[in-house]
Amino acid sequence: MIAPAQSLVIVGSGLAAWTVVRELRKLDAHTPITLVTRDNGDFYSKPMLSNALSSGKTAAQLVSATSAAMAEQHGVKLMAHTEVTAIDPVACTISTSQGAVAYSRLVLALGADAVRLSLQGDAADQVLSVNDLQDYAAFRERLQGARRVTVIGAGLIGCEFANDLIAAGYEVDVVDPGTQPLGRLLPTEAGRLLQQALSQAGVRFYFGTSVQAIHAKPQGLQAELADGQRLDTDVVLSAVGLRPRLALAQAAGLQTARGIAVNRQLQTSQPDIYALGDVAEVDGQCLPYVMPLMQAARTLAAHLAGQPVTLRYPAMPVVVKTPALAVVVAPPAAGSSGQWQIEAGTGGLDARFVAGDGALLGFVLTGKAASQKAILQKTLPAVLA
Amino acid sequence: MKVWQCIVCGFTYDEAQGIPEDGIAAGTRFEDIPEDWECPDCGVAKADFEMVEIG
């Protein structure tokens, strides 16, 4: 098997993979690109998965371009429904369910798996998570005829789904061992406001406890909580975080930590193998959000096109898609020293994390105050300078 | 006036509203926004936006 002098192989077909393709083609029309993906490779907006129900969107309607159309438009050889089973960094080949593929440079855009809690009960296998378009299609199917949904986890995805489900007319229970929604992102005051807004919309929260078991009942399911409460329900959705898909990289001897470790050219410990998106850990940071992924894809495309570039992350506030209460959060960097200065008015909450010298290091804005995002964002320090 | 939607994150740009706090006045047509403009929520390039129907 003889590979072209320069052949780029990309594994994955999520936003990270397709954005690298799109950005690279803006700079380089000719390098052969092969995209290998285990699903069908259609291009869709993943962030919209957690707010598509109330707008009545089917999985098919979320596809903005089929993989065939994307491949044609960008001159990509598409290997869909193809599982990658191994990487040989010495021979520069990958093994796949369709045979070996040689690369001169390899991009791993493998994404992350939804974390699954180990639960007891005879219906524990009924728990769903929505981490891709197929999951979303299955979720919609299960919601047919359902009335009650239990959401495990009150983090970003859990809160977004809770809001979307309540807006779509379901009864929603949210269970989380913490004390407030978005506990890892929001100071108490902001968390309380979000809890109030979602509660007013009809969401019931169960904090300080966790789901232990899911039981089958004649009329649906029952979630058994650690504190003994039992919630009758029809559908259980788990939203307790993401875990980068490391198995391929680890088996190939690439350096990994929480994600596949890469430098600011997105290079793994094998310089001709790259990683980006939810699977990658850049300079010690795993940031499974769209904005960092887009920055990484652009930097990687420029690097692959031969430009001397270094990944930089600007300040990247996260917009939480909870229509019950607009929330924008730019968390201060881990270990920052400073204090929250919080102003709560009728228009919303304006919480700023300020250093001793007065510099703004992070913020949380809710309600009408969310419109301050663009202005405040400009004064925040870069996440990766 | 039209409404445009980011194909990546769903952010909508309503020409009638503009984004005054980001220096884009109400009534600014999408084609008149600078080419290096990016989606404020996800950073996608202007070229990767799409137009959607107003409901």
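Some points to look at:
- Simple Cβ-charge dipole of region A:1-87, Lys/Arg +1 and Asp/Glu -1, about Cα centre, in debye nearest 20: 140
- Long-range HN-HN contacts of A:Lys217 with modeled amide H, under 5 Å: A:Gln222
- Note on A:Gln200 and B:Ala26: the model spin-label points, each 7 Å out from Cα along the C-beta direction, lie 2.5 nm apart.
- Beyond 20 Å, the tail of the calculated P(r) for region A:162-292 holds 60 percent of the Cα pairs.
- Under 14 Å, Cβ to Cβ, from A:Leu300 - net charge with Lys/Arg +1 and Asp/Glu -1: +4
- Here region A:280-324 is scanned for amide nitrogen atoms under 11 Å from the site 7 Å beyond the Cα of A:Gln255 along Cα-to-Cβ, giving A:283-284.
- Other residues whose C-beta falls under 13 angstrom from the C-beta of A:Tyr170 contribute a net charge of +1, scoring Lys and Arg +1 and Asp and Glu -1.
- Integer Hz, Karplus 6.51/-1.76/1.60 couplings in order for region A:184-199, x for Gly and Pro: 7, 10, 10, x, 3, 4, 6, x, 5, 4, 5, 4, 4, 5, 5, 5
- For chain A, size of Cβ-based charge dipole, Lys and Arg +1, Asp and Glu -1, in debye: 680
- Per-residue extension of 0.36 nm, minus the Cα-Cα distance of A:Phe207 and A:Glu83, leaves a gain of 40.7 nm for this segment.
- For region A:52-62, putting each phi into the Karplus relation 6.51 cos²θ - 1.76 cosθ + 1.60 with θ = phi - 60° gives couplings of 8, 5, 5, 8, x, 7, 7, 4, 4, 6, 7 Hz, in residue order, rounded to whole numbers and with x for Gly and Pro.
- In chain A, the portion of solvent-accessible area held by carbon and sulfur atoms comes to 49 percent [1.4 Å probe, whole percent, DNA, RNA and ligands not counted].
- Across chain A, Cα pairs under 8 Å and at least six residues apart give a relative contact order of 15 percent.
- Counted charge near B:Asp32, where neighbours are those whose Cβ lies closer than 15 Å (Asp, Glu -1; Lys, Arg +1): -3
- Cleavage-rule hits, trypsin sites (Lys or Arg not before Pro), chain B, DSSP coil, Cβ neighbours within 10 Å at most 15: B:Lys2, B:Arg29
- Ordering B:Trp37, B:Met1, B:Phe11 by the projection of their Cα atoms onto the charge dipole of chain B, which places +1 on the Cβ of Lys and Arg and -1 on the Cβ of Asp and Glu, puts B:Met1 at the extreme positive end.
- Axis of helix A:290-304 versus longest Cα principal axis of chain A: the two differ by about 10°, to the nearest ten degrees.
- Taking both sides together, the accessible area buried where A meets B is about 1500 Å² for a 1.4 Å probe.
- Average accessible area per residue (Å²) across chain B - probe 1.4 Å, nucleic acids and ligands excluded: 52
- Average accessible surface for region A:53-92: 54 Å² per residue, computed with a 1.4 Å probe over protein heavy atoms with every protein chain in place.
- Compared with the dominant Cα axis of chain A, that is its longest principal axis, helix A:133-143 is turned about 30°.
- The calculated Kirkwood hydrodynamic radius for the protein assembly as shown is 23.1 Å, given to one decimal from all distinct C-alpha pairs.
- 1.4 Å probe, heavy atoms, protein only - residues of region A:364-385 losing at least 10 Å² accessible area vs chain alone: A:Ser371, A:Lys373, A:Ala374, A:Ile375, A:Lys378
- Loop-exposed trypsin sites (Lys or Arg not before Pro) per DSSP, neighbour cap 14 Cβ within 10 angstrom, longest uninterrupted part of chain A: A:1-115
- For B:Met1 and B:Glu35, a Förster radius of 25 Å and the Cβ-Cβ distance give a FRET efficiency of 0.75, rounded to the nearest 0.05.
- Distant-in-sequence amide H partners of A:Thr96 (H built 1.01 Å from N, under 5 Å): A:Thr85, A:Val101
- Top positive-direction residue, dipole computed over chain A with Cβ charges, set A:Ala369, A:Gly202, A:Ser104: A:Ala369
- Calculated FRET efficiency for the pair A:Asp28/A:Ile375, C-beta based, R₀ 41 Å, to 0.05: 0.65
- Taken as Cα centroids, chain B and region A:310-385 sit 22 Å apart, rounded to the nearest whole angstrom.
- The stretch between A:Asp272 and A:Ala60, if pulled fully straight at 0.36 nm per residue, gains 72.7 nm over its current Cα-Cα span.
- Among beta bridges identified by DSSP and lying wholly in region A:23-95, the antiparallel ones come to about 55 percent.
- Gyration tensor verdict on region A:76-119 (Cα atoms; rounded if a/c is under 1.5, prolate if a/b is larger than b/c, oblate otherwise): prolate
- Database remark: amide H of A:Phe205 closer than 5 angstrom to the amide H of A:Val174 (H placed geometrically; neighbours at sequence offset of 5 or more, or on other chains; Pro and chain starts carry no H).
- Taking GluC sites (Glu not before Pro) across chain B, the ones in a DSSP loop with at most 13 further Cβ atoms lying within 10 angstrom of their Cβ are B:Glu35, B:Glu53.
The values are calculated or read from the model by the stated rules, or taken from the named source; none is laboratory data. All values derive from a computational prediction rather than experimental measurement. Cβ: placed from backbone, ideal geometry, glycine included. Neighbour counts: every protein chain shown. When the accessible area is computed, the model is the full protein with side chains, heavy atoms only, and any ligands, DNA or RNA have been set aside. Shrake-Rupley method; radii C 1.70, N 1.55, O 1.52, S 1.80 Å.
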